[in-house]
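See below for the structure under consideration.
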Amino acid sequence: MKTRDVTFLGLCVALALILSYVESLLPPLVPVPGVKAGLANVVILYVLCRRGWKAAGAVSLVRLLLSAALFTGFGPFFYSLTGAAVSLIGSALLQKTGRFSPVGVSVLGGVLHNLGQVALAALVLESGYVLYYLPVLVLSGTLAGVLVGLLTGWVLRLTPPAGRHLPGGR
Amino acid sequence: MATKRKNDWILVLVFLGLGLCALLLVRGLQQPGAWAVVLQGGEETGRYPLHRDAAISIEGPEGYNLLVIEGGAAYISEADCPNGLCMKAGKISQGGQSLICLPHGLTVRIEGPGLDGVSG
Ligand SMILES: [Zn+2]
């Protein structure tokens, strides 16, 4: 990996961290745990579209580890990790088909993210109660996915792929 | 580009449809509950029958909430949490529904008898 790539991915991690921190400061939209827009996913989806699933997975993992160490502690970490992993696998596969724009990719990612977390919660808490959240989480995951996808599409259009037009030239 | 957009829309509509169906299904499965169960930090700290009207003051390390049981439904009438979302959540009476006060780590959940098949 070139220094240039390391720098780029490092910046992405930092940006994702800041976005998730800022989002945690905002009041929740609805009084249900787990329902949020997931602004940091804009960064992950961006990396997925530009650098592929390995780079996106690396950024996501480092971001979650740092976020747990700095802000949330390792309690919610495994929920986030499960959600992120399931979400990334689904998104990467859907993106590979080449039939969906970032919005579609991100909608599947958002829904899978929530489903992964609920599935883990149901297993860990050994309770079917969490399944009552399922419909709300599917709906909120879809809407969050649309938002994240639109934002990512916008950022992708603003930043042409590296190597073609380098702002400032080199 | 146009077909991608169309595929996106199909995906969104499929998920919204599934979500709404699941919502109706869950609503259909719900039955009036029998107990309001109070959980603080994940531990059950109280259990009150829904058929008896009561006002229960719940003190926690982060603050207090006033749980009111009235006519078979439960709601939070007072709380000193910063956002007050738990008070805005309204009344609950069906098995599986819950009131959550995140800042206080408090959950009030409606249980049984209609939920026996679902809870693990
Ligand atoms: Zn509250």
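Any idea which residue in segment B:63-105 is nearest to the other protein chains (Cβ to nearest Cβ), counting only those that are buried (at least 20 other Cβ atoms within 10 Å of the Cβ) and within 7 Å of the ligand (Cβ to nearest atom)?
B:L85
From the list A:T97, A:T82, which residue is away from chain B (no Cβ under 11 Å) and either touching a His at 6+ places or on another chain (Cβ under 8 Å) or polar (S, T, N, Q) (or both)? First the steps, then the outcome.
Numbers: A:T97 fails: away from chain B (no Cβ under 11 Å).
None of the others qualify; the one that does is A:T82.
Coordinate-derived values only; no laboratory data. Everything quoted here is computed from the prediction, not taken from an experiment. As a convention, Cβ positions derive from the backbone with ideal geometry for all residues, glycine included, and neighbour counts pool all protein chains shown.
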